[in-house]
Amino acid sequence: MSVILASGGYDRTIRFWDALTGVCSRTIPFQDWQVNRVEITSDKRYLAAAGNLYVRLFDIRQAGSAGSAQDPGTTSANGTVASTNQKNSTNGSLTAAMTFEGHSGNVTLIAFQAENRWMVLSLEDGTVKVWDVRSPSVQRNYKHYCAVNEVVIHPNQGELISCDHDGNIRIWDLGENQCTHHLIPEDDVPINSLSVASDGSMLVAGNNKGNCYVWKMQNQNDMTSLTPATKFRSHLKYITRVLLLTDMKHLATCSADHTARIWLTDQNFALETTLQGHLRWVWDCAFSADSAYLVTACSDNYVRLWDLSNSETVRHYSGHHKAAVCVALNDV
């Protein structure tokens with residue numbers, strides 16, 4: 001499977017799409033909750049989906065077979081549970097290969113370590129949790145004092161960066177097992193999204209007022225230092241997502257103003273283009289590996305593929321019956 005494109009939404013489904021034709025190739029019911037986030041492992045084997053109280057891991061390569069079974073699961077020291085399920089294809093879809101549960105709130109983001117050995121979750125219960133995926137258990141549990149909106153893994157794989165509803169950004173050192181930095185760009189203004197450059201040189205945060213904050217990051221003697229670089233107004237309304245391209249030359253922002261925008265990082269974040277045509281909030285986005293395309297998820301139920309050379313919609317992916325709020329793309 002050379003290109004994997006998946007989306008999730010308020011209709012409680014995960015949908016896989018044929019990127020070229022726009023046809024929905026598989027639908028996985030998510031049962032009792034909306035899909036908050038989807039993430040594909042780098043080896044393209046698993047798709048993780050976040051909902052309320054749990055994360056489910058689906059084996060993308062399995063087509064499914066009749067029958068199902070479930071083991072008793074593994075319970076970690078703090079009471080969280082990972083259960084393993086077999087395939088079930090009575091309706092042609094998949095049940096989860098594994099479920100990570102025992103949380104007390106919505107899971108708002110999933111990120112995998114580079115080799116997919118562990119994953120980190122941010123949660124509305126005010127915690128950031130690191131799960132060992134190989135022998136399922138919670139290895140780290142960090143506490144904010146309000147809902148955590150996102151968490152990202154630093155490219156050095158030794159630090160986590162999280163943001164919350166009270167406007168805090170915290171950096172956690174996994175080796176030292178403690179918070180090493182605490183930033184507050186604007187008092188009591190929620191930070192909704194974070195993105196870190198692929199070489200660890202830059203951190204971008206987007207907040208409820210439409211402002212983006214940028215820091216230069218340096219790592220010396222295994223210690224990260226941050227220097228404020230710039231602040232700019234990217235949207236007039238709520239920012240839902242910020243995402244740096246792997247080449248670090250472009251930043252994508254999504255907003256409640258019904259647009260996604262592309263910014264030039266090497267030109268002091270000058271606006272390159274505005275992607276117009278969404279009818280409601282734009283919740284999420286993903287760049288193609290060649291930097292030529294952007295996929296967006298929107299409350300108007302559509303997932304869209306954009307050609308960034310002309311800011312035109314190349315494809316509409318239609319199938320969600322309610323808002324499409326998350327998207328994942330792996331075309332490497």
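The values are calculated or read from the model by the stated rules, or taken from the named source; none is laboratory data. Predicted, not measured: the structure shown is a model, and the values here were computed from it. Note that we place each Cβ from the backbone using ideal geometry, even for glycine, and neighbour counts take in every protein chain shown. To get the accessible areas, we keep the full protein, side chains included, count just its heavy atoms, and leave off ligands, DNA and RNA. Shrake-Rupley method; radii C 1.70, N 1.55, O 1.52, S 1.80 Å.
Structure notes:
- Accessible surface, per residue, of the chain when the full set of protein chains is kept, probe 1.4 Å, Å²: 42 Å²
- Between Gln178 and Arg233, the contour length at 0.36 nm per residue exceeds the alpha carbon distance by 16.6 nm.
- Shape of segment 179-332, Cα gyration tensor, a/c cut at 1.5: prolate
- Assigned charges on the beta-carbon of Lys, Arg, Asp, Glu; the chain dipole about Cα centre (debye): 580 debye
- Built amide H within the under 5 Å cut-off of Leu53, gap 5+: Gly105, Asn106, Val107
- Using θ = phi - 60° in the Karplus curve 6.51 cos²θ - 1.76 cosθ + 1.60, the 3J(HN,Hα) couplings for segment 138-146 round to 7, 8, 9, 9, 10, 10, 9, 10, 6 Hz; x is entered for Gly and Pro.
- Calculated from backbone phi, Karplus (6.51, -1.76, 1.60) coupling profile of segment 296-306 in Hz, x at Gly/Pro: 10, 10, 9, 5, 7, 5, 9, 9, 10, 10, 10
- The chain: C-alpha gyration tensor shape, a/c 1.5 cut-off, then a/b vs b/c: oblate
- Distance between the 7 Å Cα→Cβ label points at Gln62 and Val189: 4.6 nm.
- A cut-off of 5 Å between modelled amide H atoms, ignoring neighbours fewer than 5 places along the same chain, links Cys326 with Gly8.
- When the square roots of the Cα gyration tensor eigenvalues are ordered a ≥ b ≥ c, the ratio a/c for segment 91-207 is 1.5 or more and a/b exceeds b/c, which makes its shape prolate.
- Full extension of the segment from Glu272 to Ser311, taken as 0.36 nm per residue of separation minus the current Cα-Cα distance, would add 13.1 nm.
- Here segment 152-175 is scanned for amide nitrogen atoms under 12 Å from the site 7 Å beyond the Cα of Tyr145 along Cα-to-Cβ, giving 166-168.
- Backbone geometry of segment 182-192 corresponds, through the Karplus equation with coefficients 6.51, -1.76 and 1.60 at θ = phi - 60°, to 3J(HN,Hα) couplings of 9, 10, 9, x, 9, 4, 6, 10, x, 8, 9 Hz, x marking Gly and Pro.
- Simple point charges give the picture: +1 on the Cβ of Lys and Arg, -1 on the Cβ of Asp and Glu, and for segment 205-290 a dipole about the Cα centre of about 420 debye.
- Here's how it looks for Tyr46: its modeled amide H is under 5 Å from those of Thr41, Ile60, which are all 5 or more places away or on a different chain.
- Cα lying deepest toward the dipole's positive end in segment 262-317, options Trp306, Gly277, Ile262, charges on Cβ: Gly277
- Surface share of carbon and sulfur [accessible, 1.4 angstrom probe, percent] for segment 1-48: 49 percent
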